[in-house]
Amino acid sequence: MRNWHGEGIWYGADYNPEQWPEQTWAEDVELMRRAGVNLVSVGIFSWALLEPTPGRYVFDWLDRAIDLLHDGGISVDLATATASPPPWLAHRHPETLPRRADGTVLWPGGRQAYCPSSPVFRDHSLALVEAVARRYARHAAVVLWHVSNELGCHNVHCYCDVSAEAFRRWLRERYGDLDSLNAAWGTAFWSQRYHDWAEINPPRTAPTFANPTQQLDFLRFSSDEQRAQLRAERELLNRLVPQPVTTNFMIGTGIKYLDYHSWASDVDVVANDHYLTAADPQPQVNLALAADHTRGVAGGAPWLLMEHSTSAVNWQPRNVAKTPGQMRRNSLAHVARGADGVLFFQWRASRAGAEKFHSALVPHAGPDTKVFREVCRLGADLRALAEVRGSRVDADVAILFDYEAWWGAELDSHPSVDVTYTDRLSALHAALWRAGITADVVHPSADLSRYRLVLAPTLYLVRDADADALRRFVEAGGTAVVTYFSGIVDEHDHIRLGGYPGAFRDLLGVRVEEFFPLRDGETVSLDDGARADVWTEWLHAEGAEVLAAYTDGPLPGVPALTRNAVGAGAAWYVGTRLDDDATDRLVARLLAETGVRPPVSAPAGVEVVRRRSADRSWLFVVNHTTEPARLAVSGVELLGGARCDGELEVPAGEVAVVREEPAPVPATA
Ligand code: GAL
């Protein structure tokens, strides 16, 4: 991995100078310096300007922009510019356009209108990467390369004939022969047996439910095709440039179809884009989940927040502006959770185009604005946090996350449309957030030995090796929690027979003989006072202790919550969808059992996260409430520069970062 760190925390934005007359550029650099910006992403959507006709490259404007930035002391994250092909590509090669499952062609005019499997697109894009790389490999401003942009954001699934051929190649590679494919896809069902590879297609719009394993494999293939573009560009860059390489992931914003856990090894630094959901009354909780997941994808290493917004976006139904202080809290919460860089989309708000109502660092109203003043304040904050760079986040809890389990869990023709993959993930993570506990969101194959508590929400699809790893974690003294609709199928989406939740039945000491999903809006009660909805099941405790049973609904008296002592640890099972109060109570019991505690106790709504290096630690305190918060902390508060001895006061809506003195001993030491 090439080093991507600078001297402190990176701070900046996408910078699109091509949208502005050159007179504006000098003012841009002057304002960037005023704000403390030290890194900008340049050239992301510049292909049509850099290569106006095939093979003719025009770099003079980009030379001038990068030189100007360099003169101003601002580093560049240089895009390969392949994010969106110029109109001439589709005009000359219409077969590069992507198609939906029903055959609809997606035309140019927006962005990303290319088939990810198109060799024509690949060749043209790599030629561009090579030209840009050769031009700027030695430019002193360039510290990082930015492959494409949000690969697969709009074109992840293409069903055209070129994609069909690529899918067949991918399947041959995976299965070797047709018998294996037929077995994996269960084609004995509904007369689907294939006798020739040429008969196989992507799961195009069909009269009824398409084969689920065909669907799952197509999702795997599609993620791999996007990843292939990343790998092809990175390999080329690695040959031509000395700097590190990244691309921006979209973890935690509902983007489902890119298996980022498998992509992480293809970048020198994991970079993520995160936007708040305006309709969410507590968006800081989802932000924390996205950041915890990004850190999990990065294997616990620091990562880069490549994009978020200073205020409103433009692509939601109602684009709510950030209130004063919210952007600062958002940014520093990302840093608390492992980001060593805070960048935004975009530097200057556009005059034209589809994103002209998206916020920026420099709004339409100019620098004399709340947004730009907050931008300058954040720049000063991040400068004061330089020493935090490279440190890691403390977490004793892991939540397992697998994109393939997500894909599988939400295929069609399942017991209930109300069972969605991220529902329990969000609910459990939010309960931990409320309890002040930081969790890593990791792939089931991650090393679990450093955790005390591991949660497996809705892990519908699980491999044998990953189920075994969870068992070993428990045997060695860990506490695991599995929620309903987990362990149901293997990697081919075949049911694990003998009773649910197949892969975890023995570990949990339970056997489910039948699912009893609830009707829309129907609720049930448990004999410990909990309320639940969506899901119940006919569960037998086979070794597990029953902690709560239903008092009503379709299964009165049947166990709903169980705990099984295994080896030196315990495995809990939650067979229904507990409401938030009951989830909070469950989490409180789990924390008491495992001894996991927040870094310091804090009032509700005050987020506290600890980062730690070999010999120092920093406590981030983000006060999301409208009241001042007092915490028992000693050390130096870096944003204000004052010492605190035993008591830290953080005013309403403010953030504090304390270098703790003395640094506390890690809980696991
Ligand atoms: C991201 C994208 C940016 C911009 C931004 C707006 O998805 O990478 O180019 O479109 O969203 O929020």
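Every condition in (1) under 25 Å from Gly300 (Cα atoms); (2) assigned to a loop (DSSP other than H, G, I, E, B) is met by Arg611 except one, and the failing one is (2).
For segment 277-288: of the residues being more than 15 Å from the ligand (Cβ to nearest atom) and surrounded by fewer than 24 Cβ atoms within 10 Å (Cβ to Cβ), which is nearest to Glu355 (Cα to Cα)? Filtering first and then ranking leaves Ala279.
Picking from residues in segment 423-481 that are farther than 20 Å from Gly569 by Cβ and of a type in the set (A, V, I, L, M), the one that is surrounded by the most Cβ atoms within 10 Å (Cβ to Cβ) is Leu461.
Return the only residue of Ser163, Ser222 being under 18 Å from Pro119 (Cβ atoms), surrounded by 15 or more Cβ atoms within 10 Å (Cβ to Cβ) and under 25 Å from the mean Cα position of the chain (by Cα). Before the answer, list the steps.
On the way: Ser163 fails: under 25 Å from the mean Cα position of the chain (by Cα).
Only one candidate passes the filter, namely Ser222.
Residues of segment 495-516 include none that is β-branched (Val, Ile, Thr) and assigned to a loop (DSSP other than H, G, I, E, B).
Going through Ala565, Ala570, Ala588 one at a time, which residue ends up being surrounded by fewer than 19 Cβ atoms within 10 Å (Cβ to Cβ), in the same structural domain as His429 (by TED's automatic domain parsing) and part of a strand (DSSP E or B)? Before you say what the answer is, go through the steps one by one.
Numbers: Ala570 fails: surrounded by fewer than 19 Cβ atoms within 10 Å (Cβ to Cβ); Ala588 fails: part of a strand (DSSP E or B).
None of the other options fit; the residue is Ala565.
Only residues that are in a loop (DSSP other than H, G, I, E, B) and more than 16 Å from the ligand (Cβ to nearest atom) were counted across segment 309-347, and they come to 5. Taking segment 153-188 as the search range and keeping residues that are among the acidic types (Asp, Glu) and in a helix (DSSP H, G or I), which one is farthest from the ligand (Cβ to nearest atom)? Applying the filter and picking the extreme gives Asp179.
Selection of first residues in segment 532-560 that are touching a residue at least 60 places away in the same chain (Cβ under 8 Å) and of second residues that are of a type in the set (Phe, Trp, Tyr) and assigned to a loop (DSSP other than H, G, I, E, B), restricted to Cβ pairs under 9 Å at least 6 apart or on distinct chains, gives the following pairs, ordered by first then second residue: Val534/Tyr484; Trp535/Tyr484; Trp535/Phe485.
In segment 303-320, the residues that are open to solvent by less than 30 Å² (accessible area, probe 1.4 Å) form Cβ pairs under 6 Å with partners that are of a type in the set (D, E, K, R), at six or more places apart or across chains, as follows: Met306/Asp273; Glu307/Asp273; Ser311/Lys322.
Please go through segment 622-669 and pick out each residue that is part of a strand (DSSP E or B), open to solvent by less than 60 Å² (accessible area, probe 1.4 Å) and of a type outside the set (Val, Ile, Thr). Lay out the reasoning, then the answer.
Pass one, segment 622-669, residues part of a strand (DSSP E or B): 622-623, 629-631, 635-637, 643-644, 648-650, 655-660.
If we keep only those that are open to solvent by less than 60 Å² (accessible area, probe 1.4 Å) too, we end up with 622-623, 629, 631, 635-637, 644, 648, 650, 655-660.
Residues satisfying the conditions are Asn623, Ala629, Leu631, Gly635, Glu637, Cys644, Leu648, Ala656, Arg659, Glu660.
Note on segment 507-522: among residues that are surrounded by fewer than 17 Cβ atoms within 10 Å (Cβ to Cβ) and touching a residue at least 24 places away in the same chain (Cβ under 8 Å), the one that is nearest to the chain's Cα centre (by Cα) is Asp520. Among the candidates Val76, Val143, Val129, which residue alone is out of contact with any strand residue (DSSP E or B) (no Cβ under 7 Å at 6 or more places or on another chain) and modelled with pLDDT of 95 or more? After ruling out the rest, the residue left standing is Val129. Looking at segment 594-609, can you tell me whether even one residue there is free of Cβ contacts under 8 Å to residues at least 40 places away in the same chain and among the polar types (S, T, N, Q)? No, because not a single residue in segment 594-609 is free of Cβ contacts under 8 Å to residues at least 40 places away in the same chain and among the polar types (S, T, N, Q). Contact map, segment 168-193: residues that are touching a residue at least 60 places away in the same chain (Cβ under 8 Å) paired with residues that are in a helix (DSSP H, G or I) and hydroxyl-bearing (Ser, Thr, Tyr), Cβ distance under 8 Å, separation 6+ or inter-chain. Pairs shown: Ala184/Tyr175; Ala184/Thr213; Trp185/Thr213; Gly186/Thr213. Within segment 332-360, residues that are at positive phi sit with their Cβ atoms under 8 Å from residues that are open to solvent by 10 Å² or more (accessible area, probe 1.4 Å) and within 16 Å of the ligand (Cβ to nearest atom), at 6+ positions apart or across chains, in these pairs: Gly353/Gln19. Scanning segment 546-562 for residues that are over 13 Å from Asp528 (Cβ atoms) and either loosely packed, with under 15 Cβ neighbours inside 10 Å or of a type outside the set (Gly, Ala, Ser) (or both) yields Asp552, Pro554, Leu555, Pro556, Gly557, Val558. Looking at segment 1-113, the strands (runs of 3 or more DSSP E) lying wholly inside it that each contain 1 or more residues that are touching a Lys or Arg at 6+ places or on another chain (Cβ under 9 Å) sit at 10-15.
Of the helices (runs of 4 or more DSSP H) contained entirely in segment 375-494, those carrying at least 1 residues that are closer than 22 Å to Ala544 by Cα and among the small types (Gly, Ala, Ser) fall at 464-475.
The residue that is nearest to the ligand (Cβ to nearest atom), among those in segment 9-28 that are buried (at least 23 other Cβ atoms within 10 Å of the Cβ) and among the acidic types (Asp, Glu), is Asp14.
Scanning segment 227-273 for residues that are part of a loop (DSSP other than H, G, I, E, B), within 15 Å of the ligand (Cβ to nearest atom) and more than 16 Å from Val442 (Cα to Cα) turns up Thr247, Thr253, Gly254, Ile255, Tyr257.
The values are calculated or read from the model by the stated rules, or taken from the named source; none is laboratory data. The model shown is predicted, which means the values in this text are computed figures rather than measured ones. Reconstructed Cβ throughout: ideal geometry from the backbone, glycine too, with neighbour counts over all protein chains shown. To get the accessible areas, we keep the full protein, side chains included, count just its heavy atoms, and leave off ligands, DNA and RNA. Shrake-Rupley method; radii C 1.70, N 1.55, O 1.52, S 1.80 Å.
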